[in-house]
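Enquirer: Structure incoming, see below.
The values are calculated or read from the model by the stated rules, or taken from the named source; none is laboratory data. These figures come from a predicted structure and were not determined experimentally. Note that each Cβ is placed from the backbone with ideal geometry, even for glycine, and that neighbours are counted across all protein chains shown.
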Amino acid sequence: MRLFDGHNDTLLKIAMCDPDDGWSFGRRNDDGALDLVRAAEGGLNGGFFAIMAPPETGDDMFGRSKMVRTEAGYKKPMAPEIPHRVARDFADEVFSLANALEEAHEDRFFIATDYRQLVDGMNAGKLAAVLHFEGAEPIDEKLENLEGWYQRGLRSVGLVWSRPNRFGHGVPFRYPSSPDTGEGLTDAGEQLVDACNELGIIIDCAHLNEKGFWDVADRSDDPLVVTHACCHAIAPSARNLTDAQIDAVGETGGVVGINFFVGDLRDDATFDRDTPLSQIVRHIDYVVDRVGVDHVAFGSDFDGARMPRELDDASKLPRLIEALQQAGYGSEEVGKIAGGNWLRVVREVWG
């Protein structure tokens, strides 16, 4: 069984680290969620490594302190659009960082750019990184630098984070809320979908509002992918997927990566780290019951969100495998959920 995860923010964490704090990707650390040692301890073979330019404004990196609790849940002001130049320069730095990590840990870590290389590297015991834009801001509106990013190793693009950009509109962090929060893709967004289809770049609908999701569904020839989200019927966050969206993912042969963020797992909108792993299994069950076991996977959000205490770093992933087994999933089904479904979609899109 290969363990492959739909989303982490570890490159962003490393990029934002103070180099004097002693944190190292190559050894086991006391903070954060993912490094090479804890990946090996948890049996993690690979995943989508996100690159996202943090907001320029706000009193912390993501404006988390601006989260407002309401009687029903929570809400946070939408982050403003970030300039292309800022996002491009930040992405350039993180790509260089990823290359440096690959060089420094060549026996344990690699950037995957084609399917055969991906499988061979994992079989050799290395951790595979699929480089992913969480928000397409580093891509210019005319797409003139998209192929350049592809040549550098970009293989997956989330059109938006939870803010607007030239290509579409992200959903706010709000609970309860429908994901139908604004307009769909722009003309440039539709052209980006076409270009990603042509190059073989995975298109991720996480953080995208509902109209944008349906625009991707109408436009793309590839399976619909949502790298990290949960089920709106269980937890009505703007970030979570409606039944119709889940059905569409299944109909196209796509995958929903279930997010481990407690605020989108729970039906009471609290950020309680004592959330049991059965709540993750509950969301997995929901997708399986609607569209089948071939269309659900892990989308942790390690190093980017508040995790359940039982699963707060990659070394603890076997606990989730055990929870699935205790819930009645057989070895073949667990293999699909834990990584097989992601690898199937990667093979189909990359060719």
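Enquirer: Would you pick out the residues in the range 1-31 that are buried (at least 20 other Cβ atoms within 10 Å of the Cβ) and not basic (Lys, Arg)?
Expert: Leu3, Phe4, Asp5, Gly6, His7, Asn8, Asp9, Thr10, Leu11, Leu12, Ile14, Phe25
Enquirer: For residues in the range 285-304 being farther than 30 Å from Ser24 by Cα and acidic (Asp, Glu), which is farthest from the chain's Cα centre (by Cα)?
Expert: Asp289
Enquirer: Filter the range 95-123 for residues that are touching a residue at least 60 places away in the same chain (Cβ under 8 Å) and not in a helix (DSSP H, G or I) and give the result.
Expert: Result: His105, Arg108, Phe109, Ala112, Asp114.
Enquirer: If the requirement is being crowded, with 24+ Cβ neighbours inside 10 Å and of a type in the set (D, E, K, R), which of these qualifies: Asp180, Asp204, Asp222, Asp194?
Expert: Testing whether each residue is crowded, with 24+ Cβ neighbours inside 10 Å and of a type in the set (D, E, K, R) leaves just Asp204.
Residues checked against (1) touching a residue at least 60 places away in the same chain (Cβ under 8 Å); (2) touching a helix residue (DSSP H, G or I) at 6+ places or on another chain (Cβ under 6 Å); (3) in a loop (DSSP other than H, G, I, E, B); (4) of a type in the set (Asp, Glu):
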position: Met1; (1), (2), (3), (4): yes, yes, yes, no
position: Ala15; (1), (2), (3), (4): yes, yes, no, no
position: Asp20; (1), (2), (3), (4): no, no, no, yes
position: Ser24; (1), (2), (3), (4): no, no, yes, no
position: Leu34; (1), (2), (3), (4): yes, yes, yes, no
position: Glu41; (1), (2), (3), (4): yes, yes, no, yes
position: Asn45; (1), (2), (3), (4): yes, yes, no, no
position: Ala50; (1), (2), (3), (4): yes, no, no, no
position: Ala53; (1), (2), (3), (4): yes, yes, yes, no
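Enquirer: So, one more: Go over the candidates Arg290, Arg282 one by one and state the one that is in a helix (DSSP H, G or I), of a type outside the set (Phe, Trp, Tyr) and touching a Gly at 6+ places or on another chain (Cβ under 8 Å).
Expert: Arg290
Enquirer: Related question: I'd like the full set of residues that are in contact (Cβ under 8 Å) with a residue 40 or more places away in the chain and hydrophobic (A, V, I, L, M, F, W, C), limited to the range 63-85.
Expert: Scanning the range 63-85 gives Met67, Ala72, Met78, Ala79, Ile82.
Enquirer: Something else: Return the pairs, sorted by first residue and then second, in which the second residue is at pLDDT below 95 and crowded, with 24+ Cβ neighbours inside 10 Å, the first residue lies in the range 202-231 and is within 24 Å of Tyr175 (Cα to Cα) and among the charged types (D, E, K, R), the beta carbons are less than 8 Å apart, and the residues are 6+ apart or on different chains.
Expert: Note: no pairs meet the criteria.
Enquirer: Restricting to the range 81-94, name every residue that is of a type in the set (A, V, I, L, M) and either in a helix (DSSP H, G or I) or farther than 18 Å from Val160 by Cβ (or both).
Expert: Within the range 81-94, Val86, Ala87, Ala91, Val94 meet the criteria.
Enquirer: Answer yes or no: is there a residue in the range 64-76 that is crowded, with 16+ Cβ neighbours inside 10 Å and in a strand (DSSP E or B).
Expert: Yes, because at least one residue in the range 64-76 is crowded, with 16+ Cβ neighbours inside 10 Å and in a strand (DSSP E or B).
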